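S.K.: Structure incoming, see below.
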Amino acid sequence: MKHTFKITFIALLASIAMGFVSCSDDDFTETIFDTTDYPLDRSEYTFPLDTFVKVNFLEPYNLRYLYKMQDIGSDMNYNLVPCTYEQSVTLAVLCKYLWYDVYRDVVGAEFLKQFSPRIIHVIGSPAYNPSSGTMILGTAEGGLKITLYNANALNPNDIEYLNEWFFKTMHHEFSHILNQKYNRPTDFDLLSNGKYNTVSWQDTPDSLAVSQGFVSPYASSQAREDWVEVIANYIVKDTIYWNHMLETGKYQWEYVTDVDAAYWNKLDAAVKAGKANRDSVGYFVRSTSTSGDEDATYGIQRKVIQRDADNKYAVLSEDSTIVYLNPQGFLGADLIKQKLEYVREWLKTYFNYDLEEVRMKVQRRQWLTDENGDFIFDANGNFQNNLVFVRPDGTTLLDDLKQEVEKYKALQ
């Protein structure tokens with residue numbers, strides 16, 4: 001028995017040794033997969049855009065701009081559709097002009113090579129979340145991939161819409177990637193400790209969020225979102241909007257649900273507050289009860305003022321002006337400024353990223369300026385859309401940007 005075991009064991013060792021020798025003699029390549037870099041198919045309708053993203057994203061930054069929706073890379077929990085070719089072209093050239101070229105010029109190409117996502121995946125439709133009544137605008141996955149939704153609704157004629165749906169989302173998600181590389185200061189999380197609302201932040205009107213020290217309702221959901229929302233909103237929002245937001249943050253706001261509809265209709269006719277489902281740092285109005293086919297009461301977001309004993313009518317000051325209640329030493333505007341200073345210092349320290357310079361370059365690219373770089377306003381004092389402003393020759397800047405794709409048709 002013992003001899004039989006010994007012989008069997010020696011035979012097994014010999015067999016293993018021969019196996020090692022046999023394996024070592026095999027001629028392995030670096031990978032079993034085909035890694036050949038095949039040339040782009042010039043007969044394809046999409047060849048111009050495929051070439052543009054290869055030259056402007058893949059080659060300089062190792063970034064894959066995927067506009068042909070990848071099933072394997074999509075969230076199967078949503079019903080999604082691809083982006084059209086035309087909208088994919090527009091989004092690609094705007095991504096380069098308003099995002100990548102800005103960071104390249106201010107922070108440097110090496111910064112993008114090191115910290116840029118490796119994949120931008122473009123989806124044509126939004127991703128609805130029925131449980132919360134919200135829509136996902138974008139996601140960042142592990143510092144490697146950013147997914148952008150609703151690209152078929154891209155509208156370059158509306159800068160605010162463009163920013164809200166796409167470029168604020170891009171800066172937001174990219175800032176998440178940077179935060180994954182270096183932690184934000186722990187003191188930042190303490191600034192609004194106890195004020196975050198992870199469950200129903202989507203029901204918070206803009207004005208109430210600002211008065212609590214958040215640049216947006218989404219920023220009030222949790223500290224990590226608050227951090228990147230400060231960065232993203234500061235970059236894309238123009239100075240008029242930003243200053244208006246800070247002015248709003250100097251007051252305390254409240255949401256009341258029992259304002260008589262007839263009273264509100266009369267007030268609305270006088271002050272033109274407007275009845276919107278969501279405010280833009282102003283009033284927030286929605287029906288809270290109905291009587292027959294008509295609204296009986298409204299829910300209204302308003303500044304907190306001093307009222308009489310019945311909490312019904314305003315108490316006026318000696319000079320007959322409304323008295324706004326101080327938010328007990330707490331100013332949302334001051335808190336937003338503190339948060340902004342935290343992100344400024346963090347970006348500069350870890351990435352040599354000048355937030356002010358990035359913001360100004362983005363602003364001057366999206367809004368019309370003169371030869372000195374000064375903004376040109378319309379007759380109503382508003383910024384003018386630089387992307388679609390029609391020049392004397394009948395062309396626009398967006399036409400020029402799209403030509404960077406169209407020129408590759410000559411190679412077909």
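S.K.: Is it true that ILE322 is β-branched (Val, Ile, Thr) and touching a residue at least 40 places away in the same chain (Cβ under 8 Å)?
M.R.: When the stated conditions are applied, ILE322 does not pass them.
S.K.: Could you list, in sequence order, all residues of the range 301-326 that are surrounded by 13 or more Cβ atoms within 10 Å (Cβ to Cβ) and aromatic (Phe, Trp, Tyr)?
M.R.: If the condition is that a residue be surrounded by 13 or more Cβ atoms within 10 Å (Cβ to Cβ) and aromatic (Phe, Trp, Tyr), then TYR324 is the only one that fits.
S.K.: Can you pull out the residues in the range 242-263 that are closer than 24 Å to SER175 by Cβ and either open to solvent by 60 Å² or more (accessible area, probe 1.4 Å) or in contact (Cβ under 8 Å) with a residue 40 or more places away in the chain (or both)?
M.R.: The first filter runs over the range 242-263 and keeps only residues closer than 24 Å to SER175 by Cβ, leaving 242-246, 248-249.
Listed by number, the residues that qualify are ASN243, HIS244, MET245, LEU246, THR248, GLY249.
S.K.: Still on this structure: I need a count of the residues in the range 206-241 that are more than 25 Å from ASN193 (Cβ to Cβ), surrounded by fewer than 24 Cβ atoms within 10 Å (Cβ to Cβ) and not polar (S, T, N, Q).
M.R.: Taking the range 206-241 as the starting set, the residues that turn out to be more than 25 Å from ASN193 (Cβ to Cβ) are 235-241.
Right, trim to surrounded by fewer than 24 Cβ atoms within 10 Å (Cβ to Cβ) and you get 237-241.
Checking which are not polar (S, T, N, Q) leaves us with 237-238, 240-241.
Residues meeting the conditions: 4.
S.K.: Turning to a different aspect of this structure: How many residues are more than 21 Å from VAL236 (Cα to Cα), open to solvent by less than 10 Å² (accessible area, probe 1.4 Å) and modelled with pLDDT under 90 if we restrict to the range 117-160?
M.R.: The qualifying residues number 2.
S.K.: Something else about it: Output yes when any residue across the range 228-248 is assigned to a loop (DSSP other than H, G, I, E, B), under 30 Å from ASN386 (Cα atoms) and not charged (D, E, K, R), and no when none is.
M.R.: no
S.K.: Out of the residues in the range 371-383 that are open to solvent by less than 50 Å² (accessible area, probe 1.4 Å) and part of a loop (DSSP other than H, G, I, E, B), which is nearest to LEU162 (Cα to Cα)?
M.R.: Checking each candidate, the answer is GLY381.
S.K.: Let me ask another. Which of (1) in a helix (DSSP H, G or I); (2) at pLDDT 95 or above; (3) exposed (fewer than 12 other Cβ atoms within 10 Å of the Cβ); (4) of a type in the set (A, V, I, L, M, F, W, C) does ALA410 not meet, given it meets every other one?
M.R.: Looking at each condition in turn, ALA410 falls short on (2).
S.K.: Looking at the range 329-336, is at least one residue farther than 30 Å from LEU267 by Cα and either open to solvent by less than 40 Å² (accessible area, probe 1.4 Å) or in contact with a strand residue (DSSP E or B) (Cβ under 7 Å, 6 or more places away or on another chain) (or both)?
M.R.: Checked the range 329-336: at least one residue is farther than 30 Å from LEU267 by Cα and either open to solvent by less than 40 Å² (accessible area, probe 1.4 Å) or in contact with a strand residue (DSSP E or B) (Cβ under 7 Å, 6 or more places away or on another chain) (or both).
The values are calculated or read from the model by the stated rules, or taken from the named source; none is laboratory data. Since the structure is predicted, the reported quantities are computational estimates derived from the model, not experimental observations. Every residue, glycine among them, receives a Cβ derived from its backbone with ideal geometry; neighbour counts consider all protein chains shown. For the accessible areas, the whole protein counts, side chains as well, though only heavy atoms, and no ligand, DNA or RNA atoms are used. Shrake-Rupley method; radii C 1.70, N 1.55, O 1.52, S 1.80 Å.
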